[in-house]
Each structure stands twice: as C-alpha cells, then as structure tokens.
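Trainee: Attaching a single structure in structure tokens format; questions to follow.
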C-alpha cells in the first residue's frame with residue numbers, strides 16, 4: 001500500500017512538473033512559395049560578388065525591371081550601376097517578408113579586400129519583385145530602417 005502511494009505521489013509530481021514546463025517556442029518559417037523571389041535576390045548579389053570584369057555586372061543589372069533600372073540611383077543607365085558596384089562586394093543576409101518581398105541586410109567592402117573588412121552599420125533594402133511576361137524581376141528597391149517583424153531570415 002505504501003509503495004502504491006509512493007508511486008502515485010511520484011507520478012503526481014511528474015505530472016505537475018510537466019504541466020509547468022514552458023511550451024516550446026515556435027519560430028516563423030519562411031514562406032516556401034516566396035522561394036523564387038528569394039532566389040532572384042540571391043542571384044542579384046551573387047552576380048555582383050562574382051563579377052570578374054566590369055561587364056559581368058550586366059548580369060545583375062538584367063535582373064532589374066525597367067522601373068528598378070530607372071530609379072534615382074541608376075538613372076536608367078548601366079554605367080551608374082557599374083560605378084556603384086564595381087569597387088565593392090557585399091556581405092548580406094536575406095529575409096523573407098511575404099509574397100514577392102525580400103529584405104536584405106547589406107554590408108559593403110572593397111572588391112579586392114577580405115570579406116572580414118566589411119564594417120560599419122549595415123544598409124537595409126526591401127526588394128519587391130514582379131512577374132514580367134513570365135520572368136520574375138526586381139521591380140523596386142527601397143532603403144528601410146530594418147526588416148519588420150513579419151520578415152524571417154533565410155540566408
């Protein structure tokens with residue numbers, strides 16, 4: 001009888017402890033339907049970082065829609081894009097921010113330097129992508145303060 005009470009008491013303690021344990025924390029998962037947009041922004045940065053000659057930057061330029069190419073930074077001219085990127089590479093983290101929205105935390109460093117030389121505060125960009133006749137392109141790039149709470153890091 002004492003053994004049954006002892007087992008019942010131990011079971012009760014374990015049950016109470018289990019009830020008091022914190023619930024597992026769920027972390028938001030990236031929206032897999034946004035994978036093509038994330039891949040496109042990844043390709044944009046990879047093209048910039050892998051450029052061996054100035055003309056190689058044209059691959060990343062081609063991932064921009066006419067609207068993005070004609071923004072206030074690029075002035076509808078590849079030369080401005082090349083001037084902006086030829087001397088630099090970027091370390092970046094991408095965030096899934098919802099359908100066709102990708103944020104990037106970007107740190108530039110000199111093209112001929114070690115990536116560890118990237119310093120200073122990061123720049124944050126929000127990329128909007130749209131379908132243009134079956135091709136997904138970056139249609140808009142906006143500077144932002146930081147990715148919002150709806151954005152989930154993916155790389």
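Trainee: Please count how many residues of the range 61-105 are buried (at least 17 other Cβ atoms within 10 Å of the Cβ), within 28 Å of residue 150 (Cα to Cα) and in contact (Cβ under 8 Å) with a residue 24 or more places away in the chain.
Mentor: Result for the range 61-105: 17.
Trainee: So which residues in the range 26-83 are at pLDDT below 95, touching a helix residue (DSSP H, G or I) at 6+ places or on another chain (Cβ under 8 Å) and closer than 15 Å to residue 125 by Cβ, if there are any at all?
Mentor: Within the range 26-83, 73, 74, 81 qualify.
Okay, residues lined up against (1) out of contact with any helix residue (DSSP H, G or I) (no Cβ under 9 Å at 6 or more places or on another chain); (2) farther than 19 Å from residue 43 by Cα:
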site	(1), (2)
87	yes, no
94	no, no
99	no, no
109	no, no
117	yes, yes
129	no, no
134	yes, no
144	yes, yes
148	yes, yes
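The values are calculated or read from the model by the stated rules, or taken from the named source; none is laboratory data. This one's a predicted model, so the numbers in the text were calculated from it and none came from an experiment. Cβ coordinates were reconstructed from backbone atoms using ideal geometry, including for glycine residues, and neighbour counts include every protein chain displayed.
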